[in-house]
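Chemist: First the structure, which I've put down as structure tokens, then a few questions once you've had a look.
The values are calculated or read from the model by the stated rules, or taken from the named source; none is laboratory data. Predicted model, so just to flag it, every value in this text is computed and none were measured. All Cβ positions, glycine included, derive from the backbone under ideal geometry; neighbour counts span all protein chains shown. To get the accessible areas, we keep the full protein, side chains included, count just its heavy atoms, and leave off ligands, DNA and RNA. Shrake-Rupley method; radii C 1.70, N 1.55, O 1.52, S 1.80 Å.
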Amino acid sequence: MKLDADILIVGGGLNGPALGLALADTGFDVTIVDAMPKGARGTDGFDGRGYALALASTRLLGAIGVWPKVAPNAQALLDIRISDGRAGEGPGPFVLEFDHAEIDEGPMGFMVEDRFLSRAFLDAVEAHPRITLIDQETVVAQEVDTASVTLTLGSGKVLTGRMVVGCDGRRSGTCERAGITRRGHDYGQTSLVCAVDHELPHQGAAHQFFMPPGPLAILPLPGNQSSIVWTESHAEAARIQALEDDGYLAELRPRFGSFLGEISLAGKRFTYPLNLTVAEHYVTDRVALVGDAAHGMHPIAGQGLNAGLKDVAALAEVLALARRRGEDIGRIDVLERYQQWRRFDVMQMVGTTELTNRLFSNDNPILRTTRDLGLGLVNAFPSLRRTFIREAAGLTGDLPKLLQGRQI
């Protein structure tokens, strides 16, 4: 049978290109199918969207040749400060602080704007001789047989490969067509996302301020700018988003505080309704799921993209080693190695985000006292604090080679 590619990837956002590059570097021929036009990704204008990349994720980007293009526009995360309080009242008495100087590896991670990361991926994908990118196409049918998988696109074009990987988000069509069920729930929360200019330098510090409706994350960007991820109830978020810029800022200021001086909006404003959605299985015959297609969780710990890049690193390593052993990469027994590698870590992360959101997103006085004491307790023990710092940097657990910055 003539194959169009060894591996077909559905989804051209960030995880799809990252996986394509990781696989192509090991000798696989890869085709990426993206519903969006190429020109819509990595546009030149600043829109305020950014990602907090853990140190391990930047090592993966270095191993697949993307980080050198991104690094000049990245902001190092040197400090993370976590506090609890109410809007207009400032933080509570205890602040948990993670300082990058407490570990030997350097910054815990980097903030990178979406436009720079998307452009770097697109350029690398288009330059790679083993990757074919098909944009402005959707998959309408997916069939698996004993030796291959066939995708039918909206245009009628048919693609055949040894397996397909769904990198197509929380509403993954790849997952649905494979008959994999999902479970989860709505959080009753929406994240408001924007960027602000501020008078004073942020010194590379990120802030997570927990308020009763949900957390406010202030994430440093290059210069005197920060990315904001601000969580409210669905109704309150809709009300705030509908305001003019002046009204929006009037709502943000008492939550943000004055520690960075006067603030003003920069770029666009976005909203993202929050829900948990986890696939019952990450794999089936000749099908694997990566990133939000496998597990979409609360952004409270900023691990969405980092969790997806862990999937990328693990799946690429499993497939590369299987092929070197002469195995059929699409067989379920091969793909289950990827699922076993990632499932425990993902469920642990889901459990942590669920517990944190339930514990902090309320105004119960007993829970408030408990969590404030917890923050103070962790901050008082350097060894415990360093454990959390290394976790935030993505340096714990059974790391695939790419997350160590090594080739497969």
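Chemist: How large, in percent, is the carbon and sulfur part of the accessible surface of the chain at a probe radius of 1.4 Å?
Modeler: On the way: 8840 of 16870 Å².
Carbon plus sulfur share of accessible area: 52 percent.
Chemist: Here's something else I'd like to know. Given the protein chains as shown and a 1.4 Å probe, how many square angstrom of Glu102 are accessible, to the nearest 10?
Modeler: 50
Chemist: Which entries in the list Lys2/Lys310; Lys38/Lys157; Lys38/Lys69; Lys268/Lys310; Lys157/Lys401 go over 24 Å, if you measure between the two C-alpha atoms of each? Intermediate results must be reported in sequence, preceding the final value.
Modeler: Details: Lys2/Lys310 32 Å; Lys38/Lys157 19 Å; Lys38/Lys69 18 Å; Lys268/Lys310 29 Å; Lys157/Lys401 36 Å.
Listed pairs above 24 Å: Lys2/Lys310; Lys268/Lys310; Lys157/Lys401.
Chemist: Next question. Arrange the residues Val144, Val378, Val312 by how much accessible surface each exposes, largest first, with a 1.4 angstrom probe. Walk me through the numbers on the way to the answer.
Modeler: Numbers: Val144 70, Val378 25, Val312 0 Å².
If we order Val144, Val378, Val312 from most to least accessible, we get Val144, Val378, Val312.
Chemist: Quickly work out the Glu199-to-Gln340 label distance, labels modelled 7 Å from Cα along the C-beta direction, and quote it in nm with one decimal.
Modeler: If labels sit at Gln340 and Glu199, their model points lie 6.0 nm apart.
Chemist: Would you work out the relative contact order for the chain, in percent, from Cα pairs under 8 angstrom that are 6 or more residues apart?
Modeler: Values: 882 pairs, mean separation 92.0, N = 408.
So the answer I get is 23 percent.
Chemist: Could you calculate the contour length gain from Asp246 to Leu373, that is, 0.36 nm times the residue separation minus the distance between their Cα atoms, to one decimal place in nm?
Modeler: Working: separation 127, 0.36 × 127 = 45.72 nm, distance 3.68 nm.
Result: 42.0 nm gained on full extension.
Chemist: Going by alpha carbons, how many degrees (0 to 90, nearest 10) lie between the helix axis of 245-256 and the longest principal axis of the chain?
Modeler: Here the helix axis deviates by roughly 70 degrees.
Chemist: Would you check the accessible area of Thr150, probe 1.4 Å, heavy atoms only, in square angstrom rounded to 10?
Modeler: Approximately 40 Å² for this residue.
Chemist: Hey, another quick one. Probe 1.4 Å, all protein chains in place: accessible area of Lys69 in Å², nearest 10?
Modeler: About 140 Å², ignoring ligands and nucleic acids.
Chemist: Report relative contact order for segment 266-382 in percent, whole number only (criteria: Cα-Cα under 8 Å, sequence separation at least 6). Provide the component values of the computation, followed by the final result.
Modeler: Working: 95 pairs, mean separation 26.6, N = 117.
Once normalised by length, the contact order is 23 percent.
Chemist: Still on this structure, I have one more. Please give the charge dipole size of the chain, origin at the Cα centre, charges +1 on K and R Cβ atoms and -1 on D and E Cβ atoms. Round to the nearest 20 debye.
Modeler: Working: 40 positive and 50 negative charges, 154 e Å.
My answer is approximately 740 debye.
Chemist: Which Cα, out of Thr352, Asn362, Val334, lies furthest along the positive dipole direction of segment 322-376 (beta carbon charges, K/R +1, D/E -1)?
Modeler: Checking the options against the dipole of segment 322-376, the answer is Val334.
Chemist: Which value at 222 nm does the chain reach when only helices count, each DSSP H run of 4 or more adding -39,500 (n - 2.57), with the total divided by all residues and rounded to the nearest 500 deg cm²/dmol? Mind dumping the intermediate values first?
Modeler: Values: 11 runs with 139 residues, N = 408.
Calculated mean residue ellipticity at 222 nm is -10500 deg cm²/dmol.
Chemist: Shifting gears a bit: Taking the chain as the reference, fit the longest principal axis to its C-alpha atoms, fit the long axis of helix 304-324 to the helix C-alpha atoms, and give the angle between the two in degrees, 0 to 90, nearest 10.
Modeler: Rounded to the nearest ten degrees, it is 30.
Chemist: If you count only protein heavy atoms with a 1.4 Å probe, what accessible area per residue comes out for the chain, rounded to a whole Å²?
Modeler: Values: 16870 Å² over 408 residues.
That works out to 41 Å² per residue.
Chemist: OK, next. If I model a spin label at Asn275 and Met347 as a point 7 Å from the Cα along the Cα→Cβ vector, what separation in nanometres do I get?
Modeler: So the label points at Asn275 and Met347 sit 2.3 nm apart.
Chemist: I want the antiparallel fraction of DSSP beta bridges within the chain, as a percent rounded to 5.
Modeler: On the way: 61 of 82 bridges.
Here the share of antiparallel DSSP bridges comes out near 75 percent.
Chemist: Arg325 to Glu126: FRET efficiency via 1/(1 + (r/R0)^6), r the Cβ-Cβ distance, R0 30 Å, to the nearest 0.05? Each step should come with its number before you reach the end.
Modeler: On the way: r = 31 Å, r/R0 = 1.05.
Computed FRET efficiency for Arg325 and Glu126 comes out at 0.45.
Chemist: Please arrange Ser155, Ser118 by accessible surface area, largest first, computed with a 1.4 Å probe and ligands excluded. Mind dumping the intermediate values first?
Modeler: Details: Ser155 80, Ser118 10 Å².
The residues order as Ser155, Ser118, largest area first.
Chemist: Follow-up. Test of the criteria: in segment 238-292, which chymotrypsin sites (Phe, Trp or Tyr not before Pro) are in a DSSP loop and have at most 15 other Cβ atoms within 10 angstrom of their Cβ? Mind showing how you got there, number by number?
Modeler: Values: sites: Tyr248, Phe256, Phe259, Phe270, Tyr282; in loops: Phe259, Tyr282.
Of the chymotrypsin sites (Phe, Trp or Tyr not before Pro), the ones in loops of segment 238-292 whose Cβ has at most 15 other Cβ atoms within 10 Å are Phe259.
Chemist: Could you state the angle between the C-alpha long axis of helix 114-127 and the longest principal axis of the C-alpha atoms of the chain, as a value from 0 to 90 degrees rounded to the nearest 10?
Modeler: With both axes taken from Cα atoms, the answer is about 20 degrees.
Chemist: At a 10 angstrom cut-off on C-beta neighbours, averaged per residue, how do the peptides 285-298, 205-218 rank from highest to lowest?
Modeler: Details: 285-298: 26.7, 205-218: 22.9.
Result, highest mean first: 285-298, 205-218.
Chemist: Say a paramagnetic label sat at a point 7 Å from the Cα of Lys157, along Cα to Cβ; which residues of segment 1-43 have their backbone N under 14 Å from it?
Modeler: Backbone N within reach: 4-5, 8-12, 30-38.
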